[in-house]
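J.: If you scroll down you'll find the structure; I have some questions about it.
The values are calculated or read from the model by the stated rules, or taken from the named source; none is laboratory data. Note that the structure is a prediction, hence the values are computed from the model and not measured. Virtual Cβ from ideal backbone geometry, glycine too; neighbours counted across all protein chains shown. What goes into the accessible areas is simple: the full protein's heavy atoms, side chains included, and nothing from ligands, DNA or RNA. Shrake-Rupley method; radii C 1.70, N 1.55, O 1.52, S 1.80 Å.
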Amino acid sequence: MPGCELAGAVRVKEMTQEQCTHRNNVQSSENPHVYKVGIYGWRKRCLYFFVLLLMILILVNLALTIWILKVMNFTIDGMGNLRITEKGLKLEGDSLFLQPLYAKEIQSRTGSPLILQSSKNVSINILNGQNQMVTQLVAGSKGVEARGELLEVRSNTGKLLFSADDQEVVVGTERLRVTGAEGVVFSSSVETPNVRAEPFKELRLESPTRSLFMEAPKGVQILAEVGDIQAICRNELRLESKDGEITLDAGTIKLLRLPEGKASPTATRQTVFEVCVCPNGKLFLSQAGTGSTCQISNSVCH
């Protein structure tokens, strides 16, 4: 029985090999089937067209980029008139800002002026830590306006030339010169060591509707080295010295339009008079005689 099983197995193996050989011969005798892999036909043409269009767009984009770089003058240091330096940005030529400009420092090129130009106004605002405006400078079509707690103008050496705040205005120059035809008008008092006119010009101190006072702790000196001094008033002119005296020192002293006392009828008419003083300080003239005639003509004092 085991011998029979071995012989059967050998036959089955031989039959399987014969069947495989026969099947291969049958397949080889028939027409073979070929399967193509890829893109063919109109799809291939569309693909080539899109690739070509993409290359054209890349070339046009590259050409435009090179043209923009050339026109805008892009370099390693910056763009056009804008240069990037170690200290910041550097602009050459005219620059137009459409929005607010924030900068720590703005300065012109060495040897060139810095010009700020606007069709309306140029405003400079200074803010504090609470974002509140404390100082403002506005240059507009109607003028220049500055707002702040203190305004100071100094010279190159740091000397104070002008200062103004809510309390006072200080002029620190050695001379304040007013060239207007009407002079200068002060609504209140003025403190100065010297008031002087230009050479060969008149100096006039005038108060049209109020009083004019000149005060000094050590004295007031009125001096005209070449011309005359005139003091004109509508009502009274008073010269008063509380502790000292009033001295009239001149080669000729004229007292015009003094009243003349009445002389006695028997006295002869004289052209020489003496100056008399009433107890109230009033001056009058009396005809001179061999003695004093003030007592005879003192009717002016009443």
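J.: Listed residues T157, T179, T173; which is outside any strand (DSSP E or B) and open to solvent by less than 100 Å² (accessible area, probe 1.4 Å)?
T.: Only one candidate qualifies: T173.
J.: Only one residue in Q130, Q136 is without any contact (Cβ under 8 Å) to a residue 40 or more places away in the chain, within 30 Å of L150 (Cβ to Cβ) and surrounded by fewer than 10 Cβ atoms within 10 Å (Cβ to Cβ). Which one?
T.: Of Q130, Q136, the one residue that is without any contact (Cβ under 8 Å) to a residue 40 or more places away in the chain, within 30 Å of L150 (Cβ to Cβ) and surrounded by fewer than 10 Cβ atoms within 10 Å (Cβ to Cβ) is Q130.
J.: Quick check, is T247 open to solvent by less than 80 Å² (accessible area, probe 1.4 Å) and either assigned to a loop (DSSP other than H, G, I, E, B) or not hydroxyl-bearing (S, T, Y) (or both)?
T.: Answer is no for this residue.
J.: Out of (1) over 30 Å from E236 (Cβ atoms); (2) loosely packed, with under 12 Cβ neighbours inside 10 Å; (3) out of contact with any strand residue (DSSP E or B) (no Cβ under 7 Å at 6 or more places or on another chain), the odd one out for V185 is which?
T.: If we test V185 against (1) over 30 Å from E236 (Cβ atoms); (2) loosely packed, with under 12 Cβ neighbours inside 10 Å; (3) out of contact with any strand residue (DSSP E or B) (no Cβ under 7 Å at 6 or more places or on another chain), just (1) comes out false.
J.: Can you tell me which residue in the stretch 250-268 is modelled with the lowest pLDDT, limited to those that are surrounded by 10 or more Cβ atoms within 10 Å (Cβ to Cβ) and closer than 14 Å to I296 by Cβ?
T.: My answer is A267.
J.: For the subset of the stretch 269-284 comprising residues that are among the β-branched types (V, I, T) and open to solvent by 90 Å² or more (accessible area, probe 1.4 Å), which member is modelled with the highest pLDDT?
T.: V277
J.: T157 is checked against (1) within 27 Å of V170 (Cα to Cα); (2) touching a strand residue (DSSP E or B) at 6+ places or on another chain (Cβ under 9 Å) and fails just one. What number does that condition carry?
T.: (2)
J.: Okay, next question. Check G80, G93 and return the single one that is under 30 Å from S119 (Cα atoms) and either in contact with a strand residue (DSSP E or B) (Cβ under 7 Å, 6 or more places away or on another chain) or in contact (Cβ under 8 Å) with a residue 12 or more places away in the chain (or both).
T.: The unique qualifying residue is G93.
J.: May I ask you to list the residues in the stretch 84-94 that are open to solvent by less than 90 Å² (accessible area, probe 1.4 Å) and either part of a loop (DSSP other than H, G, I, E, B) or more than 15 Å from I106 (Cβ to Cβ) (or both)?
T.: T85, G88, E92, G93, listed by residue number.
J.: Next question. Please work out which residue is modelled with the highest pLDDT, limiting yourself to the stretch 45-78 and to residues that are of a type in the set (S, T, N, Q) and either at positive phi or part of a helix (DSSP H, G or I) (or both).
T.: N61
J.: Could you check the stretch 110-126 and list, in sequence order, the residues that are assigned to a loop (DSSP other than H, G, I, E, B) and under 23 Å from A139 (Cα atoms)?
T.: If the condition is that a residue be assigned to a loop (DSSP other than H, G, I, E, B) and under 23 Å from A139 (Cα atoms), then S112, P113, L114, I115, L116, Q117, S118, S119, K120, N121 are the ones that fit.
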